[in-house]
Amino acid sequence: MQNACCPCCPQQQKFNRRRLDSWTKKIVIEAKQLNVPREDILKFVWDKMRAEISNHKGSLKHLLELSVYHPVPSDDPKGYQKYVVMNYPGDEDYGKFSFTLIVLSQHQQTPIHDHKVICAPICIQGIMTEVLYRVNEGDARGDPAQTTATITLQEVKRNEMHPGDGDFLYPEGLNCHTVGNCSFDGVSMSLHLYAFDAEEVTADGKLVSSVKRVYDKSQVLLADAAVSTTTLEDASDDGDCVSAAAA
């Protein structure tokens with residue numbers, strides 16, 4: 001039997017999950033005491049998590065021992081590693097939501113994708129770049145029968161994220177993105193808050209996904225002008241990207 005303090009043991013991951021479950025329940029209780037509306041619970045939890053990181057000088061070690069989470073090898077076709085670290089089942093006041101931890105080694109990034117539900121990433125280790133794309137008119141949102149192969153993307157913004165920085169993406173807004181590790185060395189990690197049950201299984205045994213579509217890099221149009229590159233402190237004029245200082 002492995003020691004619970006072993007950096008790679010599953011027991012530590014389970015312990016992390018219990019701590020994060022307990023933290024989430026406390027935040028939900030606080031939300032109920034403050035009469036936070038059902039539609040605002042995700043933003044409330046997201047703000048609280050970012051404040052938690054800020055209050056502990058950019059660290060979540062008191063909630064998550066990050067040394068037990070590892071990226072996939074650089075040549076792995078999967079491209080990146082993810083772990084479900086919290087799943088709130090929902091209740092009479094609030095719907096289901098979950099936290100997934102995305103782990104990226106140097107130069108790794110997620111595929112370009114958009115979401116069917118709210119997606120709210122928060123950087124918790126290293127430095128990350130989020131690239132946001134505008135999906136051209138006539139895409140799958142307006143015409144479900146259209147294939148992704150006929151869709152083009154326009155890069156509109158790059159956000160540099162440090163621990164505590166985050167983005168809050170609504171499915172009906174600008175939510176097509178990719179996140180990558182741009183640290184000079186080491187692993188970057190980010191918590192992604194989703195408005196769904198990350199462990200729900202369909203009737204045919206497949207995990208339910210928050211992802212609406214995955215796009216190929218070849219679908220990105222060449223920019224006519226320089227794309228805006230900012231740190232999160234510069235803030236997005238869309239009102240969705242905010243820095244830790246704004247928490």
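The values are calculated or read from the model by the stated rules, or taken from the named source; none is laboratory data. Source: prediction; values computed, not measured. Counting neighbours? That spans all protein chains shown, and the Cβs are built from the backbone with ideal geometry, glycine included. Note: accessible area is taken over every heavy atom of the protein model, side chains too, but ligands, DNA and RNA are not part of it. Shrake-Rupley method; radii C 1.70, N 1.55, O 1.52, S 1.80 Å.
Restrict the search to the stretch 71-131; then list the trypsin sites (Lys or Arg not before Pro) that DSSP places in a loop and that have at most 11 other Cβ atoms within 10 Å of their Cβ.
Details: sites: Lys78, Lys82, Lys96, Lys116; in loops: Lys78, Lys96, Lys116.
In loop regions of the stretch 71-131 (DSSP not H, G, I, E or B), the sparsely surrounded trypsin sites (Lys or Arg not before Pro) are Lys78.
Using the structure shown, list the pairs from Lys96/Lys212; Lys61/Lys96; Lys157/Lys206 with a Cα-Cα distance above 27 Å, or answer none.
From Lys96/Lys212; Lys61/Lys96; Lys157/Lys206, over 27 Å: Lys157/Lys206.
Across all Cα atoms of the stretch 10-122, the radius of gyration (one decimal) and Dmax (whole number) stand at 15.4, 49 Å. Around the amide H of Asn87, modelled in the peptide plane, lie the amide H atoms of Phe99, all under 5 Å away and 5 or more residues distant in sequence or on another chain. Taking 0.36 nm per residue of separation and subtracting the Cα-Cα distance, full extension of the segment from Glu172 to Lys217 would add 14.0 nm.
What part of the accessible area of the stretch 1-133, given as a whole %, is carbon or sulfur when the probe is 1.4 angstrom? If you can, show how the numbers build up before the last one.
Numbers: 3510 of 6490 Å².
Summing carbon and sulfur atoms, their accessible area is 54 percent of the total for the stretch 1-133.
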